[in-house]
Each structure stands twice: as structure tokens, then as C-alpha cells.
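Read through the structure below, which is laid out as C-alpha cells, and then see the notes.
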């Protein structure tokens with residue numbers, strides 16, 4: 001169903017007629033609903049993790065603590081598992097926590113640095129069933145214990161033309177069951193280690209933005225400035241664009257080579273649930289820089305002296 005129909009159902013459950021931010025109380029769980037419309041609309045359900053969490057037996061101790069304890073926020077990101085996730089796991093790039101529930105492990109990708117002995121309690125049977133139900137209702141991502149210590153389910157889609165089906169109550173019920181299934185977790189000191197490529201990706205992102213968006217004014221103002229006029233005939237346009245064609249064809253070829261080499265380089269950072277994501281970003285940014293720099297340089301050489 002479309003989010004519009006779903007939001008109308010959720011408003012009815014909340015007892016309100018208008019508004020894009022409201023609360024639904026279901027089985028003792030107060031769920032905050034946020035809706036944002038537009039060409040790509042989004043719906044967010046959220047509840048405080050510690051508000052709904054249940055106590056766990058002391059036998060679940062971790063690192064000498066009574067009860068369950070972990071670095072907070074645990075930042076357990078769940079999303080529908082796709083072929084790219086499976087290929088990354090089969091290739092030994094990503095290592096993901098496995099619950100032992102074959103249907104869940106095949107359908108849901110678990111992206112987190114929280115250790116397995118904690119995840120085993122967070123992703124128990126009731127939580128797994130609720131997660132799969134939410135994804136079946138077209139929610140696109142779930143985070144357990146985010147930076148605001150919340151359980152969050154998000155739906156991001158384009159408006160649908162499918163006939164509406166009553167799913168609001170089902171979504172609220174599944175989300176409430178997920179929130180109630182969360183175990184109470186004490187906070188350990190420290191932070192999750194960032195990915196080794198995080199700093200490099202930030203630097204490459206800055207350089208990539210400068211080189212990519214700077215290539216257009218560089219081409220028009222320096223490389224082919226005398227050839228490009230405000231109003232041009234077809235032949236003049238060909239003269240203006242001429243140097244850029246071989247330049248960016250070569251740039252594309254170099255970008256493909258650099259992307260492949262960068263991807264191979266990132267394999268040394270395998271072994272985390274987010275390894276392929278950071279590796280793909282690194283390779284993509286390196287390819288963009290190679291494309292922009294090579295394209296501009298070859299275009300300059302082809303254009304020759306002005």
C-alpha cells in the first residue's frame with residue numbers, strides 16, 4: 001500500500017486526524033510516528049530502547065558484568081539481505097552474525113560491531129519474527145539502539161499505485177513486539193572502532209567533489225574556453241566539445257582500471273559486517289577522481305595551445 005493510506009491508518013490508531021508527527025499507544029508501548037511526504041516519502045516508527053527493554057537473566061553476563069552489557073549505542077542495523085550482501089559474504093569480504101535461524105539469516109542482513117554473545121540475546125526468536133514482519137510490510141531498514149538510544153523502523157519508497165491494504169495495525173503490532181523483545185543492556189565504556197577506511201573515504205570524498213564539479217568550469221574556462229560561446233552553431237558546438245570526447249573516454253577507461261585496483265586493495269580490510277560497504281565507497285571515489293583528473297588532462301592535451 002502507499003504510505004498515504006498507511007499514515008491515515010496510523011492517525012486513526014492514534015486518534016488524530018491531521019499531523020505528520022504523533023504517537024500511537026499499543027500494548028503499553030508508546031510509538032512515535034514521523035511521516036514526510038514528497039516524491040520519495042518516508043515513514044519512521046521509533047521508541048526508546050531502554051523504555052521498552054526487558055530484563056535478562058544474569059547468566060547472560062558479558063566481560064564480567066552481571067546481566068547483559070555492551071558498548072552503547074549498539075547500533076545494530078538491519079536491512080533486507082540482497083545478492084550483493086550474499087556475494088560479499090561468500091567472497092569472504094563481509095562477516096555477519098548468524099542467528100542459526102536459516103530463514104532469518106537468509107532474509108535479513110545484520111550490520112553491527114556489537115559482539116555475537118550480545119546479539120544472540122538481542123535477536124531472539126520474538127525479535128526475529130517482528131523484524132521479518134516489518135520487512136514484509138515494506139519497511140526498508142531497522143536500527144536497534146541508535147545514537148539516540150532508540151529502536152527505529154523506517155520505510156522509504158515512492159508512492160505506490162497498488163490497491164491499499166490495511167497494514168497500519170499490523171505494522172504497529174510488529175514494531176511494539178520488536179521493542180518489547182529487546183533485552184535490557186548495561187553500558188560499557190568505550191566506542192566501537194571505526195572502519196580503517198573511514199578517514200580515507202572522507203578525504204577521497206572531498207577530493208572527488210572538488211575534481212568532479214571543478215572539471216566543468218575547468219573545461220569551459222581553460223581547456224576549450226575560446227571555442228565555447230554563449231550561442232553556437234552545430235559546427236561550433238562540435239569544436240567546443242571536441243577535446244572532451246577523447247579526454248573523457250580515456251578518463252572512463254582509466255577510472256575502470258583504478259576502480260578495480262582500488263577494490264582489490266580494500267580486500268585487506270575484510271572481516272567486518274560493513275567491509276564491502278566501505279570498500280565499495282573507497283573504490284567508487286577513487287574511480288571518480290581518476291575519471292575527472294584523467295579526463296581533464298587528456299582534454300587539455302588534445303585541445304593544444306590556444
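Check segment 172-182 and report whether any residue there is assigned to a loop (DSSP other than H, G, I, E, B), in the same structural domain as residue 50 (by TED's automatic domain parsing) and touching a residue at least 40 places away in the same chain (Cβ under 8 Å).
There is at least one residue in segment 172-182 that is assigned to a loop (DSSP other than H, G, I, E, B), in the same structural domain as residue 50 (by TED's automatic domain parsing) and touching a residue at least 40 places away in the same chain (Cβ under 8 Å).
Looking at segment 179-207 only, could you name the residues that are buried (at least 17 other Cβ atoms within 10 Å of the Cβ) and farther than 15 Å from residue 262 by Cα?
Within segment 179-207, 179, 180, 181, 182, 183, 185, 195 meet the criteria.
Is it the case that some residue within segment 274-282 is over 28 Å from residue 80 (Cα atoms), surrounded by 21 or more Cβ atoms within 10 Å (Cβ to Cβ) and out of contact with any strand residue (DSSP E or B) (no Cβ under 8 Å at 6 or more places or on another chain)? I'd like the intermediate steps shown before the answer.
Initially, segment 274-282 is screened for residues over 28 Å from residue 80 (Cα atoms), giving none.
No.
Being in a helix (DSSP H, G or I), more than 17 Å from the chain's Cα centre (by Cα) and surrounded by 16 or more Cβ atoms within 10 Å (Cβ to Cβ) is the filter here; which residues of segment 88-119 pass it? Break it down stepwise before answering.
Applying the first criterion (in a helix (DSSP H, G or I)) to segment 88-119 yields 88-90, 102-107, 116-119.
Subset that is more than 17 Å from the chain's Cα centre (by Cα): 89-90, 102-106, 116-119.
Of everything in segment 88-119, those that are in a helix (DSSP H, G or I), more than 17 Å from the chain's Cα centre (by Cα) and surrounded by 16 or more Cβ atoms within 10 Å (Cβ to Cβ) turn out to be 89, 104, 105, 118, 119.
Please go through segment 8-35 and give me each residue that is assigned to a strand (DSSP E or B) and touching a helix residue (DSSP H, G or I) at 6+ places or on another chain (Cβ under 9 Å), ordered by number. Can you show your working first?
Let us first name the residues in segment 8-35 that are assigned to a strand (DSSP E or B), namely 21-26, 29-35.
The answer is 22, 23, 24, 25, 26, 29, 30, 31, 33, 35.
Looking only at segment 122-139, count how many residues are at pLDDT below 95 and either outside any helix (DSSP H, G or I) or within 15 Å of residue 100 (Cβ to Cβ) (or both).
3
The values are calculated or read from the model by the stated rules, or taken from the named source; none is laboratory data. Source: prediction; values computed, not measured. For neighbour counting, all protein chains shown are included, and Cβ atoms are generated from backbone atoms with ideal geometry for every residue, glycine included.
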